[in-house]
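Read the figures in this text as sums done on the coordinates, not as results from a lab. Every value quoted in this text rests on a predicted model; they were computed, and no experiment measured them. When we count neighbours, we look across all protein chains shown, and the Cβ atoms used for this are built from the backbone with ideal geometry, even at glycine.
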Amino acid sequence: MEQWVWMTDCSQFILIMAAVADEVVPVTSLFSDKHTFQIGNKPAFSGYIANQRLIVLQSGIGMINAAHATTAAIEKYPIKMIINTGISGAFRESGLSIGDIGIATSENDIHSGIETLSPDSPLKPFPFPLIQTNNEDFFAQYPTSQYHTNNAFKQLRQSFQSSTIIKKVPFITVSTLPTRQERIKSLYKHYNAGMENMEGAAIAHVAIQYQIPFIEVRTASNFVGDRDKSNWKLHEAFEKSARAVHFLMQEKCIGL
């Protein structure tokens, strides 16, 4: 549910969620008036980029950590928007390459559902929703805020110009990283997936539960299935994700 009218209230925070310190530090290095504290016994930082009042929260890796951290922040602080950022694996078939930026049009929890006979086939949906709101039932696919996603896409394309490919694509959230090519091709085919990560669906789930706008912006550090870290571009992806957050915090760029 879109609640972007909240954005005029300067007493509220934009919550930036990232899993590990290497994703957090490049963002908080851009802060003015930086403060360090904890939320749910996890590292948190508050400050400003441009005129935006932010909390950056280091959730830890995986869906359970992400759901816990997001809920703890929302229950304690007035949050007007959530942005999940950091690095990700890109599906080669999507046209994204290492160093490119994906903006999620949806988040898909690929581990919630009913198992099929084929190990490479996607799960069937449960016969009952995981979230029920007044307007919609949600199973294991969670939409991002279309309004803010579209504005973020426009802003990042303008800011990075031709130096980086920016795409709006569905994301999938995994608990086990796929390595078999058959499995990877199946995931891409079913979800039309652009990127994989380990936290996004959990954060999207919590955002919907609390009716807070949510977007996800990640930089590809590697291709899905490539476990050879000598091929990864971690540092570059960490830094580019932080630059993307910085661009998005410029006044009114995503409807704030």
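Note on segment 103-220: Cα-Cα pairs beyond 20 Å make up 45% of the total pair count. Residues whose amide H lies under 5 Å from that of residue 86, counting only those 5 or more places away or on a different chain, are 219; hydrogens are built 1.01 Å from N in the peptide plane. In the chain, the DSSP-assigned H stretches of four residues or longer account for a calculated mean residue ellipticity at 222 nm of -9000 deg cm²/dmol, using -39500 (n - 2.57) per stretch and the full residue count as denominator.
Residue 84: net charge of surrounding residues, Cβ under 11 Å, Lys/Arg +1, Asp/Glu -1, itself excluded? Local charge sum for residue 84: -3.
A crude spin-label estimate for the pair residue 48 and residue 133, with each label 7 Å from Cα along the Cβ direction, gives 3.1 nm. Pairs of Cα atoms nearer than 8 Å and 6+ residues apart set the relative contact order; for segment 4-248 it is 27 percent. Summing charges over all other residues whose Cβ lies under 15 Å from the Cβ of residue 118, with Lys and Arg as +1 and Asp and Glu as -1, gives +2.
Remark: the residue 161-residue 36 segment gains 41.6 nm on full extension, using 0.36 nm per residue and subtracting the alpha carbon distance. As a calculated quantity, the FRET efficiency between residue 126 and residue 233 at R0 = 41 Å, using C-beta atoms, amounts to about 0.60.
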